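Notes follow the structure.
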Amino acid sequence: MRRTGILGAAKLGGVAALMMLLASTAHAQQPKPSPSDLQQHRTTPGGQYQPSLDVLGEQKVEQPGTKPGDPVLSKAEFDQANQIYFERCAGCHGVLRKGATGKALTPDLTKKLGFEYLRDFITYGSPGGMPNWGSSGELKTEQVELMARYLLNDPAQPPEFGMKEMKDTWKVAVPVDKRPTKKMNNLDIDNLFSVTLRDSGEIALIDGKTKKIEHIIKTGYAVHISRVSASGRYLFVIGRDAKVNLIDLWMDPPQTVAELKVGSEARSVETSKFKGYEDKFAIAGSYWPPQFVIMDGATLEPLKIVGTRGMTYDTQEYHPEPRVAAIVGSHYNPEFVVNVKETGQILLVNYRDIKNLKVTSIAAERFLHDGGFDRSGRYFLVAANARHKVAIVDTKEGKLVGVVESKGQTPHPGRGANLNHPKFGPVWATSHLGDEIVSFIGTDPQKNKQHAWKVVQTVAGQGGGSLFIKTHPKSEHLYIDTPLNPDAEISASVAVFKIKDLASAEPKYQVLPIGQWSGISEGQRRVVQGEYNQAGDEVWFSVWNTKAQDSAIVVVDDKTLKLKSVIRDKRLITPTGKFNLYNTRKDVY
Ligand code: DHE
């Protein structure tokens with residue numbers, strides 16, 4: 001029962017928020033929700049955008065024993081409930097039901113509430129963000145009841161994934177000594193785009209000039225991001241199923257030369273970029289089990305696995321499953337910057353001596369998700385999204401610079417956008433999932449000290465539901481997508497600000513109707529993630545429909561803001577992220 005449509009995750013906020021409610025003791029006294037409240041029960045874009053552990057959901061997990069008095073679930077019932085839980089609830093409440101962004105749902109708490117209470121909350125949801133799973137028809141009555149019974153039982157414990165399990169999945173298809181010693185193809189590697197074909201489990205390599213799909217390469221399930229080795233030769237791709245593909249771009253055709261599964265669920269991969277360590281190591285972080293692994297950069301041989309279970313940065317309580325979110329490779333030290341979501345710790349993992357591994361643990365903020373460097377490449381800015389904050393790390397000194405309120409709801413920068421603000425000098429920008437705010441944070445402590453690490457300006461974009469913001473050092477424009485906005489027109493278009501207009505009191509944006517430009521009339525046409533070509537004179541946007549519908553990539557001329565070309569091809573199945581290999585390699589954004 002894998003979801004193949006757009007944002008399977010869109011269903012997730014509900015049970016999650018239900019659980020938040022359930023877990024609060026105060027709540028146990030509240031009256032049960034009534035159907036008349038239902039108009040208030042809407043999922044917000046933030047609520048939609050929760051991890052869906054759908055790979056884990058498909059795994060056979062051992063059923064915990066039933067305690068006397070607990071509802072008995074048959075094996076088939078347990079498997080179904082467990083799958084629903086992992087796919088729709090675990091993103092907020094944790095795989096082990098001990099809480100993440102949502103509260104804990106362990107039986108000591110759920111038993112106090114009882115079957116009927118659980119059933120009614122799952123049915124009707126709450127105005128606090130929990131959708132009405134039952135009355136909306138998303139879950140059938142029998143499924144709602146099943147989930148209520150499931151929650152009264154002990155949580156399931158999915159398997160761990162240690163060195164033995166990893167090594168069992170490790171394949172080197174082409175050993176290093178059988179690989180070419182020079183580039184064997186005519187590809188303009190630096191202007192290639194690696195495009196995520198989310199629901200076909202592939203990436204497309206598209207030429208930046210001709211816009212031709214040069215190659216399609218099989219990857220892991222619902223592939224998430226691509227990253228490029230420092231030399232530009234190797235492409236790393238990670239699937240949600242935690243499978244890493246190492247693709248040699250010098251081969252003709254480029255092909256996977258090694259692969260490794262690093263866990264059951266993962267989202268991030270990166271390579272070593274510090275001088276002297278180019279292409280030497282790679283790292284991948286997992287959602288389950290909570291850990292990261294350092295690998296050999298040329299073969300993916302797993303070298304060192306490090307668990308991220310540990311204490312939250314603030315209350316210093318044990319967290320049993322803190323997921324690994326964004327990872328970047330430092331340019332200033334032989335280090336990976338590893339963001340641990342639930343504990344709020346940013347780990348600087350020094351790869352100089354892997355046996356005697358040094359890890360600096362920086363107390364930042366909980367719910368770290370995505371982020372990128374400032375233009376100097378020295379400072380790393382990461383959204384603590386559920387806390388509406390941005391944490392900043394100085395990768396040269398290995399220290400936290402600060403944590404600032406982003407002044408909007410749920411910042412979601414992708415890697416963010418660096419620009420020279422006409423009033424405030426160098427700034428890094430983020431848009432937000434929860435509202436229309438675009439925030440600019442000063443990033444130049446040398447020449448613009450008074451603005452550094454402060455939100456110096458906020459402007460209003462088209463609306464909430466934004467995921468990615470983009471500009472380029474050569475561009476005069478800043479683009480903000482809104483793929484998760486509930487309004488179809490807003491989700492199918494992007495807002496563009498002229499950077500020089502940011503000096504005015506109320507900067508205005510222009511709307512580009514990317515969905516319409518694609519020529520596709522069916523589907524929701526969510527427009528997602530702008531990405532520049534190497535020259536920085538055009539921006540590519542994905543028009544993201546379901547697997548069964550047509551999707552496209554629309555290329556905009558960055559100077560004129562006019563349509564330049566549309567890439568339509570039957571093979572472009574659910575394109576989402578696009579990674580220009582030069583910009584990704586050099587952290588140009
Ligand atoms: Fe992503 C980056 C996690 C859903 C497209 N996404 C990231 C990163 C994380 C993450 C941790 C940062 C990686 C890094 O830099 O090392 N994403 C998650 C989720 O947990 C979430 C919310 C739900 C899930 O179950 O996966 C999620 N992401 C999505 C999508 O639905 C998107 C829009 C489409 C898709 O392909 O799945 C999506 N995420 C992206 C993209 C990036 C990304 C395109 C990289 C942006 C960049 O510019 O680097």
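Exactly one condition in (1) closer than 20 Å to Ile206 by Cβ; (2) within 16 Å of the ligand (Cβ to nearest atom) is false for Thr546; which is it?
The one condition Thr546 does not meet is (1).
Return a yes/no flag: does segment 549-563 have any residue that is in contact (Cβ under 8 Å) with a residue 40 or more places away in the chain, assigned to a loop (DSSP other than H, G, I, E, B), more than 15 Å from Asp207 (Cα to Cα) and within 13 Å of the ligand (Cβ to nearest atom).
Within segment 549-563 (the criterion being in contact (Cβ under 8 Å) with a residue 40 or more places away in the chain, assigned to a loop (DSSP other than H, G, I, E, B), more than 15 Å from Asp207 (Cα to Cα) and within 13 Å of the ligand (Cβ to nearest atom)), the answer is no, since none of the residues qualifies.
Find the strands (runs of 3 or more DSSP E) located wholly in segment 209-248 whose residues include 3 or more that are surrounded by fewer than 22 Cβ atoms within 10 Å (Cβ to Cβ) and either without any contact (Cβ under 8 Å) to a residue 60 or more places away in the chain or at positive phi (or both), and list them.
Because the criterion is at least 3 residues that are surrounded by fewer than 22 Cβ atoms within 10 Å (Cβ to Cβ) and either without any contact (Cβ under 8 Å) to a residue 60 or more places away in the chain or at positive phi (or both), the strands (runs of 3 or more DSSP E) in segment 209-248 that meet it are 213-218.
Please determine whether any residue of segment 482-497 is more than 27 Å from the chain's Cα centre (by Cα) and of a type outside the set (Asp, Glu).
No, there is no match, as no residue in segment 482-497 is more than 27 Å from the chain's Cα centre (by Cα) and of a type outside the set (Asp, Glu).
Being of a type in the set (Gly, Ala, Ser) and either free of Cβ contacts under 8 Å to residues at least 40 places away in the same chain or farther than 27 Å from Asn333 by Cα (or both): is that true of Ser264 here?
When the stated conditions are applied, Ser264 passes them.
Can you tell which of Arg309, Arg387, Arg366, Arg375 is among the basic types (Lys, Arg) and in contact with a His (Cβ under 8 Å, 6 or more places away or on another chain)?
Arg309
Give me a count of the residues in segment 475-515 that are polar (S, T, N, Q), assigned to a loop (DSSP other than H, G, I, E, B) and either within 16 Å of the ligand (Cβ to nearest atom) or open to solvent by 10 Å² or more (accessible area, probe 1.4 Å) (or both).
4
Enumerate the pairs (first residue in segment 458-474 and open to solvent by 10 Å² or more (accessible area, probe 1.4 Å); second residue anywhere and within 16 Å of the ligand (Cβ to nearest atom) and among the basic types (Lys, Arg)) with beta-carbon separation below 8 Å, excluding pairs fewer than 6 apart on the same chain, so at least 6 apart or on different chains.
Pro473/Arg375
For a quick check of your reading of the model, give me the residue pairs whose first member lies in segment 384-404 and is without any contact (Cβ under 8 Å) to a residue 24 or more places away in the chain, whose second is of a type in the set (Phe, Trp, Tyr) and part of a strand (DSSP E or B), with beta-carbon atoms closer than 6 Å and at least 6 apart or on different chains.
Close Cβ pairs (under 6 Å, with a partner that is of a type in the set (Phe, Trp, Tyr) and part of a strand (DSSP E or B)) amount to Asp394/Tyr379.
Between Leu300, Leu260, which is open to solvent by less than 20 Å² (accessible area, probe 1.4 Å), assigned to a loop (DSSP other than H, G, I, E, B) and more than 16 Å from the ligand (Cβ to nearest atom)?
Leu300
Those residues that are hydroxyl-bearing (Ser, Thr, Tyr) and assigned to a loop (DSSP other than H, G, I, E, B), I need them from segment 564-589; list them, please.
Thr574, Tyr589 - these are the residues of segment 564-589 that are hydroxyl-bearing (Ser, Thr, Tyr) and assigned to a loop (DSSP other than H, G, I, E, B).
Report, by residue number, each residue of segment 52-103 that is modelled with pLDDT under 85, surrounded by fewer than 24 Cβ atoms within 10 Å (Cβ to Cβ) and of a type in the set (Val, Ile, Thr).
Val61, Thr66, Thr101
Are any residues in segment 389-408 crowded, with 18+ Cβ neighbours inside 10 Å and farther than 19 Å from Gln345 by Cβ, and if so, which ones?
Those that are crowded, with 18+ Cβ neighbours inside 10 Å and farther than 19 Å from Gln345 by Cβ: Ser406, Lys407, Gly408.
Kindly provide the set of residues from segment 534-548 that are assigned to a loop (DSSP other than H, G, I, E, B) and open to solvent by 10 Å² or more (accessible area, probe 1.4 Å), ordered by number.
Residues satisfying the conditions are Gln534, Ala535, Asp537, Thr546, Lys547, Ala548.
One residue is enough: does segment 570-577 have a residue meeting the conditions more than 22 Å from Trp428 (Cα to Cα), in contact (Cβ under 8 Å) with a residue 12 or more places away in the chain and more than 16 Å from the ligand (Cβ to nearest atom)?
Scanning segment 570-577, I find at least one residue that is more than 22 Å from Trp428 (Cα to Cα), in contact (Cβ under 8 Å) with a residue 12 or more places away in the chain and more than 16 Å from the ligand (Cβ to nearest atom), so the answer is yes.
The values are calculated or read from the model by the stated rules, or taken from the named source; none is laboratory data. This is a predicted model, so every value here is computed, not measured. Virtual Cβ from ideal backbone geometry, glycine too; neighbours counted across all protein chains shown. Heavy atoms of the whole protein, side chains included, go into the accessibility calculation; ligands, DNA and RNA do not. Shrake-Rupley method; radii C 1.70, N 1.55, O 1.52, S 1.80 Å.
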